[in-house]
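For reference, the structure is listed below as structure tokens.
The values are calculated or read from the model by the stated rules, or taken from the named source; none is laboratory data. What you are looking at is a predicted structure, and each value in this text was computed from that prediction instead of being measured. All Cβ positions, glycine included, derive from the backbone under ideal geometry; neighbour counts span all protein chains shown. Quick note on the areas: whole protein, heavy atoms, side chains included, nothing else; ligands and nucleic acids left out. Shrake-Rupley method; radii C 1.70, N 1.55, O 1.52, S 1.80 Å.
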Amino acid sequence: MNLHDLTIHQAQELLASDAVTSVSLTEALLARIAAVDTDLHAYLHVASEQALAQAQEADERRARGACGALLGIPLAIKDVICTRGLETTAGSRILAGFRPVYDATVIAKLREAGAIILGKTNTDEFAMGSSTENSGYDTTRNPWDRDRVPGGSSGGSAAAVAASMCLGALGSDTGGSIRQPAAYCGVVGLKPTYGRVSRYGLIAFASSLDQIGPIVKDVTDAALLLQAIVGHDPQDATSVEMPAPNYAAALGQGVAGMRLGVPREYMVDGMAAGVRQAVEAALDVWRELGADIVQVSMPHAEYALPAYYLIAPAEASANLARFDGVRYGYSHPDTDDIWDAFRRTRAVGFGDEVKRRIMLGTYALSAGYYDAYYLKAQKVRTLIKRDYDEALQQCDALIAPTTPNIAFRIGELIDDPLQMYLEDIFTLALNLAGVCGISIPCGLSEGMPVGLQVQGRAFDEATILRVAYAYEQATDWHMLRPQV
Amino acid sequence: MEYEAIIGMEVHAQVLTRSKMFCGCSADYASAPANTHTCPVCLALPGVLPVINRAAVEATVLTGLALSCTIPPFTKFDRKNYTYPDLPKGYQISQYDYPLCVGGHLDVQVAGESRRIGIRRVHLEEDTAKLTHTPDGSLIDFNRAGVPLMEIVTEADIRSADEAHAYLTELRTILRYLGVSSGDMERGAMRCEANVSLRPRGARAFGTKVEIKNLNSFRSVRNAIVYEIDRQSGLLASGGAVEQVTMGWDEERQCTVFQRSKEYAEDYRYFPEPDLPPIEMTPVEVQTIRERLPELPHDKAQRYEREFGIKSADVALLVAEHPTALFYEQAVAARPALAQAIANWMLGEVFRYLSEGERTTAELPISPAMLAELVALVDDGTINNTVGKQVLNEMMTSGEAAASIVERRGLAQISDTVALEQIITSVVAQHPGPVAQYREGESKVLGFLIGQAMRATQGKANVQIVRDLLLQALDDSQR
């Protein structure tokens, strides 16, 4: 087995037994990146030198007796997460050349744990998109089929994990941006409960929905990486003061006697036959493991998409106001006055999708429209939360497809934003409700991975990990790797 | 037709907290070199998040309580969206529909009458950066960005420039009493906007209001309102109409100038700040803050009149500044019987000392008890009034106690009639001319003769005794 193919927990065993060093592991991954990323474009910036220096330090820490699940483990970071001194662009031209002066809280935690940061991965600009086609720099290719998208917006992280260009990665999920690319690339992606992981240092898209989470090769790794980044952060007033359980310890408890709900509204007519079959087969697996599969209803599910596309752009329209070319990033060189400078910097610096959402959000918040759009959407959000509350009172977790289809072709939906938005139809209600979900591989359709979600109660990541792990132990889908 | 002015005021006051509203940077920006009190949060770098400064919330609630406001149990922050180079996030974190404090009032004295000004709301927000315009371009200092700012909005209850002035003065006194703001308008720590409209006296409906900005001093507030009332009545009298506009006060030309009209009013697109959970103020928390309320100037004034029997004209001056009032009270505590005498010394000699050196009460080199002791020495006749002033002067220079100065310099008043009789005798002997004049009925030379006797004792003689003895001597020799 190649070093780059290892999972985090496999690599950790080798590191702990001194069978490999972090330096050799890091070198293997940098070599892998050099070999395959010229085609895949998963990374925007690779920090080879710093990564090797960190690996050296991790090896020294280990020699001094340190240990830990992430000590010496090379990871990739979605480019919306600030890394001190390492270029962070959020996939936008407007942040070209921006080097943060501080680390996001999750990055500080990873550094403390001794993880290695290989580089920054591609994303749709400011995480707005489902394919990485909205990146201001590059479109990442799906490692299973280079003509297809890896999903988005955390497509770079998902592709990097799927193509073994890192042992694990961080993504961010506002409406499905971790789970959807994980599904498209055949890897595991977890969106934690809102407030579980600090957002400090995550370049905001929609503040009430954004959450950082792991994209990894299997459920065990998801537990390990999640454990490293959770916790209250005094710098994030929306992060909760609630102790996190030991996620890895909860994995093996099985699903016998558990009630797993399948929302009727998420098994829709429009979904691909291959996806439906894979999800139904998965339900049989859990049944055989002793779980009780029941149908539940999420009556407001169909309103999630319109509500999301009012709330998220509204917040984004304010969040993106700070990018004016004065303090950092791109600044238009040829301007008459400050107002002209603002206009031109933003006209050139932002891509079409970002502008579209700023306009949507600005409109939704405007005098005379606020009640009809933003306020109404917030009311719908409350109803969707209630749907989740009621469904999760009856069940321990919910099972749903992650996406209605397999990864689409590059360019296929680029001129049809609405159709592209529909790819998130199964994921974004979860963000509105603020609960947690994990996408795991559950089969292939047309040779492409299919993902399914396990969704759980607020702050009950342990249960969705346990349900996912039981399935993973009973199947081999997570072992499939694309031929790169 | 006679018009009545309807005025509402919006006051922004910087809140005196150690750190800024949403980050840990020092809020003491004024003396710091430009852009040194900054961090990723107040510079609005990508990815940062605000955290509420609890001290600023409590200071605002304290202010609301002092203004008799209700503190609702639920309050939240909102984003106020607008683009300006001094606003690094492109939105200001403010409070829109659920302010910290609502529905209070402030009583002010205008021309001997008490007027109640309704307080619509007090809310908390953050200050912007400071722009400096130079011929080579504009400079931004982010030290001020994120400094906590409270906004105090009145009802349209003010009826004249004098009332507006009285309201502002009283409000600033309260802010200073509470220690929540310096209230310094000249330094921009307190800023004011006035909404002015006119209506025919007796009418119910409001006229069209004009907002006046750029009021940088108490005087400009008064002048601008007077000017604007004049301008609007001129317009109305000549059959014209007032337009709903924003005007700026031009200090140099002493007039209001057009800034923008209503059509260009900005749509701030307020929405709840998703980065900050709402605040719930429990009755217990509000009570804890209420217990920190000091005795307010209005209450102090009433108490001084009631307990100390101080003249009401004096009382207003004593309570205008909190440290002065506290100094006075401590002095009175040392000599409770001398409340009015101490007040006289405070308002006379102590105030003169302060104003001559542009000093504050905190800078006084003497303690309240020391002042009380001095006043007692005058009161019990140990020294006379003139010597008392000299002694106080010396106390202010050296910090030495009054009794010690009197003792060391032998300033104790000479009330010993035997010693004084000798002096009088010699004064009478040395000034036969004036003595003769007096005897011819020119009684005003008595003052001259008293002065001579005082001079002979270096001013230490008890004037009353000197006068009595002198009269006696003149009478005796006449006989």
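Residue check: B:Arg121 meets all listed conditions (1) of a type in the set (D, E, K, R); (2) crowded, with 18+ Cβ neighbours inside 10 Å; (3) within 14 Å of chain A (Cβ to nearest Cβ) but one, namely (3). What do you reckon, is A:Gly91 without any contact (Cβ under 8 Å) to a residue 40 or more places away in the chain, buried (at least 24 other Cβ atoms within 10 Å of the Cβ) and farther than 17 Å from A:Leu225 by Cβ? Spelling it out, it is not the case that A:Gly91 is without any contact (Cβ under 8 Å) to a residue 40 or more places away in the chain, buried (at least 24 other Cβ atoms within 10 Å of the Cβ) and farther than 17 Å from A:Leu225 by Cβ. Is it the case that some residue within the range B:253-265 is away from every other protein chain (no Cβ under 14 Å), closer than 30 Å to B:Thr208 by Cα and assigned to a loop (DSSP other than H, G, I, E, B)? Yes; the residues of the range B:253-265 include at least one that is away from every other protein chain (no Cβ under 14 Å), closer than 30 Å to B:Thr208 by Cα and assigned to a loop (DSSP other than H, G, I, E, B). The lone criterion from (1) modelled with pLDDT under 95; (2) within 15 Å of A:Asp218 (Cα to Cα) left unmet by A:Ala474 is number (1). Filter the range A:409-454 for residues that are open to solvent by 50 Å² or more (accessible area, probe 1.4 Å) and at positive phi and give the result. The one that is open to solvent by 50 Å² or more (accessible area, probe 1.4 Å) and at positive phi: A:Glu446. Applying the criterion of at least 1 residues that are within 14 Å of chain B (Cβ to nearest Cβ) to the strands (runs of 3 or more DSSP E) found wholly in the range A:174-270 leaves A:212-216.
Against the list (1) within 21 Å of the chain's Cα centre (by Cα); (2) touching a residue at least 12 places away in the same chain (Cβ under 8 Å), the condition A:Phe350 fails is (1). Residues considered: B:Thr63, B:Thr70, B:Thr75. Of these, the only one that is more than 13 Å from chain A (Cβ to nearest Cβ), open to solvent by 30 Å² or more (accessible area, probe 1.4 Å), modelled with pLDDT of 95 or more and in contact with a strand residue (DSSP E or B) (Cβ under 8 Å, 6 or more places away or on another chain) is B:Thr70. Cβ separations smaller than 8 Å between residues 6+ apart or across chains give the following pairs from the range B:266-277 residues that are within 10 Å of A:Ala237 (Cβ to Cβ) and assigned by TED's automatic domain parsing to the domain that holds B:Leu49 to residues that are crowded, with 18+ Cβ neighbours inside 10 Å and of a type in the set (Phe, Trp, Tyr): B:Glu273/B:Phe77; B:Leu276/B:Phe77.
Screening B:Ala32 against (1) at pLDDT below 95; (2) open to solvent by 30 Å² or more (accessible area, probe 1.4 Å) leaves a single unmet condition, (2). Among the residues of the range A:219-228, is there at least one that is of a type outside the set (S, T, N, Q) and open to solvent by 10 Å² or more (accessible area, probe 1.4 Å)? Within the range A:219-228, one or more residues are of a type outside the set (S, T, N, Q) and open to solvent by 10 Å² or more (accessible area, probe 1.4 Å). Within the set A:Asp284, A:Asp334, A:Asp292, A:Asp269, the sole residue that is open to solvent by 10 Å² or more (accessible area, probe 1.4 Å) and under 22 Å from A:Ala347 (Cβ atoms) turns out to be A:Asp334. Among the candidates A:Lys355, A:Lys379, the residue that is within 18 Å of A:Ala304 (Cβ to Cβ), open to solvent by 60 Å² or more (accessible area, probe 1.4 Å) and free of Cβ contacts under 8 Å to residues at least 60 places away in the same chain is uniquely A:Lys379. Limited to the range B:78-103, what total is found for residues that are buried (at least 22 other Cβ atoms within 10 Å of the Cβ), under 16 Å from B:Ile152 (Cα atoms) and either touching a residue at least 40 places away in the same chain (Cβ under 8 Å) or out of contact with any strand residue (DSSP E or B) (no Cβ under 8 Å at 6 or more places or on another chain) (or both)? Going through the range B:78-103 one residue at a time, the tally reaches 2. Are any of the residues in the range A:171-181 farther than 27 Å from B:Ala44 by Cβ, open to solvent by 10 Å² or more (accessible area, probe 1.4 Å) and among the basic types (Lys, Arg)? The answer is no, given that none of the residues of the range A:171-181 is farther than 27 Å from B:Ala44 by Cβ, open to solvent by 10 Å² or more (accessible area, probe 1.4 Å) and among the basic types (Lys, Arg). Please enumerate the residues belonging to the range B:146-165 that are crowded, with 21+ Cβ neighbours inside 10 Å, small (Gly, Ala, Ser) and out of contact with any Asp or Glu (no Cβ under 7 Å at 6 or more places or on another chain). Correct list: B:Ala161, B:Ala164. Checking B:Gly202, B:Gly239, B:Gly207 one by one, the residue that is modelled with pLDDT under 95, in the same structural domain as B:Met150 (by TED's automatic domain parsing), buried (at least 17 other Cβ atoms within 10 Å of the Cβ) and not hydrophobic (A, V, I, L, M, F, W, C) is B:Gly207 and no other.
Filtering A:Ser153, A:Ser208 for residues that are polar (S, T, N, Q) and open to solvent by less than 10 Å² (accessible area, probe 1.4 Å) leaves a single hit, A:Ser153.
Filtering the range A:340-352 to residues that are away from chain B (no Cβ under 12 Å), open to solvent by 60 Å² or more (accessible area, probe 1.4 Å) and farther than 18 Å from A:Tyr137 by Cβ leaves only A:Arg344. Of all residues in the range A:96-140, those satisfying the criterion of being of a type in the set (Phe, Trp, Tyr) and open to solvent by less than 30 Å² (accessible area, probe 1.4 Å) are A:Phe98, A:Tyr102, A:Phe126.
Of the helices (runs of 4 or more DSSP H) that lie entirely inside the range B:285-356, those containing 2 or more residues that are open to solvent by 70 Å² or more (accessible area, probe 1.4 Å) span B:297-303, B:312-319, B:322-334, B:351-356.
State the number of residues belonging to the range B:35-56 that are buried (at least 23 other Cβ atoms within 10 Å of the Cβ) and more than 24 Å from A:Tyr102 (Cα to Cα). Summing the residues that are buried (at least 23 other Cβ atoms within 10 Å of the Cβ) and more than 24 Å from A:Tyr102 (Cα to Cα) in the range B:35-56 gives 1.
Selection of the range B:425-479 for residues being basic (Lys, Arg) and assigned to a helix (DSSP H, G or I) yields B:Arg439, B:Arg455, B:Arg467. For the range B:1-53, a residue qualifies if it is among the β-branched types (Val, Ile, Thr), more than 14 Å from chain A (Cβ to nearest Cβ) and more than 30 Å from B:Val210 (Cβ to Cβ), and the qualifying residues are B:Thr17, B:Thr36.
Before we move on, is A:Ala96 more than 10 Å from chain B (Cβ to nearest Cβ), under 19 Å from A:Thr132 (Cβ atoms) and of a type in the set (Gly, Ala, Ser)? Answer is yes for this residue.
Residues in the range B:1-53 that are part of a loop (DSSP other than H, G, I, E, B), more than 22 Å from the chain's Cα centre (by Cα) and either within 30 Å of B:Arg231 (Cα to Cα) or of a type in the set (Asp, Glu) (or both): B:Met1, B:Glu2.
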